[in-house]
Every structure is written in structure tokens, then in C-alpha cells.
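Derivation of every value follows stated rules applied to the coordinates shown; laboratory data play no part. None of the values given here were measured: they were computed from a predicted structure. Here Cβ is always computed from backbone atoms with ideal geometry, including for glycine, and neighbour counts include all displayed protein chains.
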Amino acid sequence: MEAMNEQVATENDAEQQYLTFIMAGEEYGVDILAVQEIRGWEESTLIPNAPDYIKGVINLRGTIVPIMDLRLRFGLEKVEYSPVTVVIILKFDTDKGERVMGIVVDAVSDVYSISEDETRKTPELSEDQNSVFIRGLVNVNDKMIILLDVESLLSFEKNKLDQLVQG
């Protein structure tokens, strides 16, 4: 029984790695296992009637990948893309298969190992749709990092895009 308790404690203390990036001076993080690749910004093919935060789609080795400007999605100020603007290609598996989406961010920052114990719940400030995409908050080296829930973000956006394409 003691060995089992030790195993549970070890699993609870397990650290997860997060890729962090900057947007509007704030640092955000996504589970590094959801990151397929990091690319420089390139023009994409526009999708008619898409929301302004959907910049279009790119062909990534035969896979059509929607590109979302996360700044615009979160209601932040629009900025011109620069040489450090990057697209993080995210993926995860669902019961409908693999989902892939690119997010445009200001710059990639760092990779941190974060345990579940370090993560704090997001305070409930409003019924804002954007808060469902936040997994939690963590303080690392005296700075607050907003951890995003990639699965929620990609599922929500993919469903909206599917409706646009089929509609």
C-alpha cells in the first residue's frame, strides 16, 4: 500500500513542460506536447466570411491548417507582424481524429517545467468566453504566466470553422 501511495504522490508531483510566448507584454503557455512546430509568419490563403482573427489557412505538408491571430481572438490590440512574429502549430487528438491549428503570437519566450501543484485556478471575473480557454495561472521567476487549454481552444475554433466551410 505504501508503494502505491508513493506512486500516486509521484504522479501528482509530475511536472509538465509548457512552451511560453508573449502577446501584448503578457506571457502565455501551452502544453509543449501539443506543439507540432514553430514557424515564422507567412501570408495565408483567406477564408471568406471568417472572423477577423482567422488569418486564413496554410498548406503544411499536405495538411490544411487554419491560422488564428490569438491577439485578435482575445480582444487585444491589433499589431503589424514583424520578423519575430511566429506561428505556433498546435495539434491534439479527438474522437474525430487529429486537429491542427496555427496561432499567431508576438514572440516565443521559453520552456518551463510546471507541476500541477504550482498551477492556480483562474479567478472567475466574468462569463467571458475567452476564460474557458485558460487552464490556470502560475508564477515563475516572479512573473505570472497564463496557461492555455489547447484542447478547448482548438475544439471551439475548429467547430466554428467547420460551420463556415459547410455553411
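What to note about this one:
- Long pairs among LYS55/LYS96; LYS55/LYS143; LYS78/LYS143, criterion Cα-Cα beyond 28 Å: LYS55/LYS143
- Cut-off under 5 Å, modelled amide H: who pairs with THR122 long-range: LEU137
- Under Karplus coefficients 6.51, -1.76 and 1.60, residue-wise ³J(HN,Hα) of segment 16-26 in Hz, glycine/proline x: 10, 8, 10, 7, 10, 8, 9, 9, 6, x, 9
- By other beta-carbon atoms within 10 Å, ranking ASP95, ASP110, ASP31, ASP117 with the fewest at the front produces ASP95, ASP117, ASP110, ASP31.
- Multiplying the residue separation of ASN59 and VAL100 by 0.36 nm and subtracting their alpha-carbon distance yields 13.6 nm.
- With the simple model of a label 7 Å out from the Cα in the direction of the Cβ, LYS78 to SER152 spans 2.7 nm.
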